[in-house]
Every structure is written in structure tokens, then in C-alpha cells.
Amino acid sequence: MEKPVQVGLLGCGTVGSGVLSILQANAERIAARAGALIEVRRVAVRDLKKYRTVSLDEALLTTDPWEVVSDPSVDIVIEVMGGVDPARDLIAAAVDNGKPVITANKEVLAKHGPELLSLAARRGVDLFFEGSVAGGIPIIKPLRESLAANRVQAIVGIINGTTNYVLTRMSREGMPFAEVLREAQALGYAEADPASDVEGYDAAFKIAILASLAFETPVRVEDVYCEGITRITPEDIRYGRELGYEIKLLAIAREHEGRLEVRVHPAFIPAAHPLAAVTDVFNAIFVRGDAVGELMFYGRGAGSLPTGSAVVADLVDAVRRLRFGGNGRLQPPAAQLPIKPIEETVSRYYVSLKVVDRPGVLAKIAAAFGENDVSIDSVIQKGRLEDPVDLVFVTHEVQEANIRRALAQISRLPVVRQVSNVIRVEAEV
Ligand code: NAP
Ligand code: HSE
């Protein structure tokens, strides 16, 4: 074999240590597959004194990531630091220095992916990012390569492990949101600022990356309609189950009549749908292509070794291309499918209200729905002669703008104490 390929690692936290563990544990197998030995040359961290879970020669450590990206002896850079600043500039500098880059950083890709891909294509170096979406699940490469023959029609995913864990525990144990979130944080699933998970931003970054790739349109984070799970109550989950649904935080990207819907929000899905069986911290991505039909990718969407597995697979690819060549680099998305505003999307809706339990109340609410062209599929009342009682509706398919108008009217009715929740029902994902 020729001389080893030298890797510069930016970050040695959860993912970085997974990468190092895998490179150590499977060194020979990886070298055989890559066609070259791989050595870690430099490792940038913030704190030199911090305890590391992986064995590491301290002489490799530096607190200056710029030193790593400009080191002429570093052939390939792996960025697993996180955040935008300075990660974006470091990736750009490495690429500019002719070094292929592998990153698991969804935020930097969702915010600056097209410009970084343009730079990499101009410089003729690889920029790989399998670990950025759904941890260990291969989804970027299937979209880039294995499904290249298809026109992708829809992607529907559970791509945030923390929220899936929280919703699973709320469903199984009836536990309140705040209590399960504390548990998820203690187990190390949630981001340092759990708002990124529970408000849906993490899933929004990921679906922006997938949608840009699958629909060849630059989807910005601001294009993604985003609702988190903080308003979901154990009662909603219970009522949904009685109606035959499970609740999930879905990330959806779908082409419809020449426009693109890209959204993240909690949704009820039929209990028999394969995505309903995806529980705990697991992720799954459902893809529909015009030739291949429906596919589902399932596995661990986060964690040190699963994400490390995706990063090292990219590394093997990059080493092969460095050693043996390979034409064609991923171009930034060029098409311009317009994004459909959320008000124009069509869905079914679960609506839960607190109302006065009196004859005629249902008729008043049904009239408000009817005046806004909202057709009701089912209704259940919970409680009797209490004040107030829960009234739960599921609508037929309706445009979001109509349901919003209907609910504005319903919330003004004196018999309605509160519109408790509105959750989309995705009957056909
Ligand atoms: P992490 O545990 O917080 O590790 C970040 C690492 O980067 C740490 O080693 C830290 O140094 C180092 N670092 C941060 N800023 C630095 C700076 N300015 N200069 C030098 N070193 C710096 O994060 P992580 O969970 O591994 O995540 C890394 C990336 O992978 C993120 O983009 C994340 O979104 C993505 N990702 C994570 C997962 C997951 O399961 N965790 C899954 C998929 C993708 P110290 O160790 O000294 O603090
Ligand atoms: N906090 C993220 C999740 C980590 O829960 O899925 C992986 O991106």
C-alpha cells in the first residue's frame, strides 16, 4: 500500500470519538476497503484537559482548528464540531485548500449547503455529509446515487430521535411532556439546548438538506414550515389512539403540481402505517420514487457509533476517490421549484376544544366549520356535565387557510372555552 492518508478531525465529542473508535476498531478492514491506510494527523478540540472516552495521543490535540485545515500534511478534513461559526469558514477554507471534507453538521449544511457545494465543485474536491441526517441510516447516498433513476415524489421522515423518544413515552406511559424531556436529556439524547429538538428546528435542518437533494431545489431553513411538540398533551395522544392514530413529529417534503411542500410538525398517522411502529430514539425515512415505488430506511438516527459509522463510510469513499480518482462532484441544487405556502397545503385535522356541555353547542360549532367549507369526519365528546368538556373533531381533507378561518370563528363562540389543540392527520403519507 502507498503512504497512509492523513485525516484532520475538527471536534472530538460524541461523533468525533465515535469516528476515532471505529477507525481504531476496524482499521484493517477499513484500509482494505479504502485502498489506503488512514491515519489521524490532528484533532481540534476546545478543551485540551477534557476527559475523552476514546484513546487518543495527546500530541495530536490542538485548540486551533485553523491549524488543521491549513496543515499541508492533512489530506482530508472531518468536521464534527457543530454550529455555524466557525464551522462554515473552516469547511470553506479546507475545500479552498483542496482538501475533501466530511461533515455531520446539519445546521451548517441547511444554512450554507449550496454555497459550500458550489465551492467544492469549483475546486474539484468532495464534500460528503451522510452523518448530517438520521445518524447511522444511509439516506444521502441512496438519494444521490441509488435513486438517481427516479423522480422523487415524497419524503416523509421521523428524523429527530429526541422527540420520537418523548412522544413514545408520553404515548406508552401517559407521562407529561416536561417530565419525559428531562428524562431524554438525562439519557443524552437531546441537544444541549433541547429547543432545537422539541421546537422542530433540528428536523427542519435535516428535511431542508433532504429536500434540496431529492428535489434539486435549494430549500432554505426559512422555507420549512416548522411546529414542535411542546403543545402535545397525553389527552391528545389518548384521543388520537381511540381514533386509530399514533402521533409522530413528521418531516415532510413533497412535490405537488409543480410546487414543493416542506414542513415539520406533529401529526397523527394511522396506527397500521410502518412509520407508526418507529418508536423510542429510532428514526425512519419513507421515500416514494416514480420508478422504485415506496422505500423505508430505518435505524439509529443519533449517537456516537451510529453517526460515526456514516462519517467513516464517507471517509472511505473520499479516500478511494483521492487515491483512484472519480469523476463528477455533487453540484449545488439548480432547479427552482416554488415552495407552497402552508396556508395552501391540504390535510385532515384533529381539533380538540373545551366547550360548555349544553344542548345546541355542537350545532353552533358544526355550523362554523360548514361556513368555512370544513367537512367533519368524526366527533367525540369526553366527559358529561362537567364544565368544560372536551369535544374532539377529525375533519376531512381541507386547505389549511379554511381550517384557520373556521377556528378563528369557533374560538369567538361564547360556548367555546378554549381551542386546546389542532394537529394534522396525515392519513396517506
Ligand atoms: P459535541 O459532543 O458537542 O462535540 C463537539 C466537539 O467539537 C467537541 O470535541 C468540542 O471540543 C469541539 N469544538 C467545538 N467548538 C470548537 C472550536 N471552536 N474549536 C475547537 N473545537 C471545538 O457534538 P456532537 O454531538 O459530537 O456533534 C457534532 C456534530 O455532529 C454536530 O454538527 C451535530 O449536529 C452532528 N450530529 C450529531 C449527532 C449525535 O448523535 N450527537 C448525530 C448526527 C449529527 P471539546 O470536546 O473540548 O468541548
Ligand atoms: N438531537 C438529535 C436527535 C441528534 O435527537 O435526533 C441527532 O441529530
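The values are calculated or read from the model by the stated rules, or taken from the named source; none is laboratory data. Predicted, not measured: the structure shown is a model, and the values here were computed from it. Positions of Cβ are backbone-derived with ideal geometry, glycine not excepted, and every protein chain shown enters the neighbour counts.
Within 24 Å of residue 133 (Cβ to Cβ), at pLDDT 95 or above, under 28 Å from the mean Cα position of the chain (by Cα) and more than 9 Å from ligand 1 (Cβ to nearest atom): is that true of residue 80 in this structure? Working first, answer last.
Working: within 24 Å of residue 133 (Cβ to Cβ): yes; at pLDDT 95 or above: yes; under 28 Å from the mean Cα position of the chain (by Cα): yes; more than 9 Å from ligand 1 (Cβ to nearest atom): no.
No; evaluated as a whole, the condition is false for this residue.
Among the residues of region 118-129, is there at least one that is among the aliphatic types (A, V, I, L, M), surrounded by 17 or more Cβ atoms within 10 Å (Cβ to Cβ) and not in a helix (DSSP H, G or I)? Full working, then the answer.
First, pick out the residues of region 118-129 that are among the aliphatic types (A, V, I, L, M): 119-121, 125, 127.
Pick out the ones that are also surrounded by 17 or more Cβ atoms within 10 Å (Cβ to Cβ) and you get 119-121, 125, 127.
Then drop every residue that is not not in a helix (DSSP H, G or I), which leaves 125, 127.
Yes, that holds for at least one residue.
Is it fair to say residue 249 is touching a Pro at 6+ places or on another chain (Cβ under 6 Å), part of a strand (DSSP E or B) and either buried (at least 24 other Cβ atoms within 10 Å of the Cβ) or not aromatic (Phe, Trp, Tyr) (or both)?
So residue 249 passes the test.
Provide a single number: the residues in region 166-190 that are more than 19 Å from residue 423 (Cα to Cα), assigned to a helix (DSSP H, G or I) and within 11 Å of ligand 2 (Cβ to nearest atom).
Matching residues across region 166-190 total 2.
Step by step: first the residues of region 135-168, then only those that are under 13 Å from the mean Cα position of the chain (by Cα) and closer than 28 Å to residue 257 by Cα, then the one that is surrounded by the fewest Cβ atoms within 10 Å (Cβ to Cβ). Which residue is that?
This residue is 140.
Mind checking which residues of region 191-211 are more than 13 Å from the chain's Cα centre (by Cα) and either part of a helix (DSSP H, G or I) or buried (at least 24 other Cβ atoms within 10 Å of the Cβ) (or both)?
195
Write out, first by first residue and then by second, each pair whose Cβ atoms fall under 7 Å of each other, whose residues are 6+ apart or on separate chains, and whose first residue, in region 127-142, is in the same structural domain as residue 113 (by TED's automatic domain parsing) and farther than 18 Å from residue 202 by Cα while the second is assigned to a strand (DSSP E or B) and away from ligand 2 (no atom under 15 Å from the Cβ).
Close Cβ pairs (under 7 Å, with a partner that is assigned to a strand (DSSP E or B) and away from ligand 2 (no atom under 15 Å from the Cβ)) amount to 127/101; 128/102.
Out of all the residues in region 379-397, is one or more in a helix (DSSP H, G or I) and aliphatic (A, V, I, L, M)?
Looking only at region 379-397, we keep the residues that are in a helix (DSSP H, G or I), and these are none.
No; the residues of region 379-397 include none that is in a helix (DSSP H, G or I) and aliphatic (A, V, I, L, M).
Determine the pairs where a residue that is assigned by TED's automatic domain parsing to the domain that holds residue 92 and within 15 Å of residue 6 (Cα to Cα), located within region 45-72, has a partner that is assigned to a helix (DSSP H, G or I) and near ligand 1 (Cβ under 9 Å from one of its atoms) with Cβ atoms under 6 Å apart, the partner being 6 or more residues away or on another chain.
As it stands, the answer is 69/90, since those pairs meet every condition given.
Would you mind stating whether residue 302 is within 16 Å of ligand 1 (Cβ to nearest atom), of a type in the set (A, V, I, L, M, F, W, C) and within 30 Å of residue 76 (Cβ to Cβ)?
Values: within 16 Å of ligand 1 (Cβ to nearest atom): yes; of a type in the set (A, V, I, L, M, F, W, C): yes; within 30 Å of residue 76 (Cβ to Cβ): yes.
Judged against the criteria, residue 302 is a match.
Return yes when residue 329 is surrounded by 16 or more Cβ atoms within 10 Å (Cβ to Cβ), more than 16 Å from residue 161 (Cβ to Cβ) and either out of contact with any helix residue (DSSP H, G or I) (no Cβ under 6 Å at 6 or more places or on another chain) or of a type in the set (Phe, Trp, Tyr) (or both) and no when it is not.
Details: surrounded by 16 or more Cβ atoms within 10 Å (Cβ to Cβ): yes; more than 16 Å from residue 161 (Cβ to Cβ): yes; either out of contact with any helix residue (DSSP H, G or I) (no Cβ under 6 Å at 6 or more places or on another chain) or of a type in the set (Phe, Trp, Tyr) (or both): no.
No.
Condition first: loosely packed, with under 15 Cβ neighbours inside 10 Å and more than 30 Å from the chain's Cα centre (by Cα). Now tell me which residues in region 21-38 satisfy that.
27, 28, 29, 32
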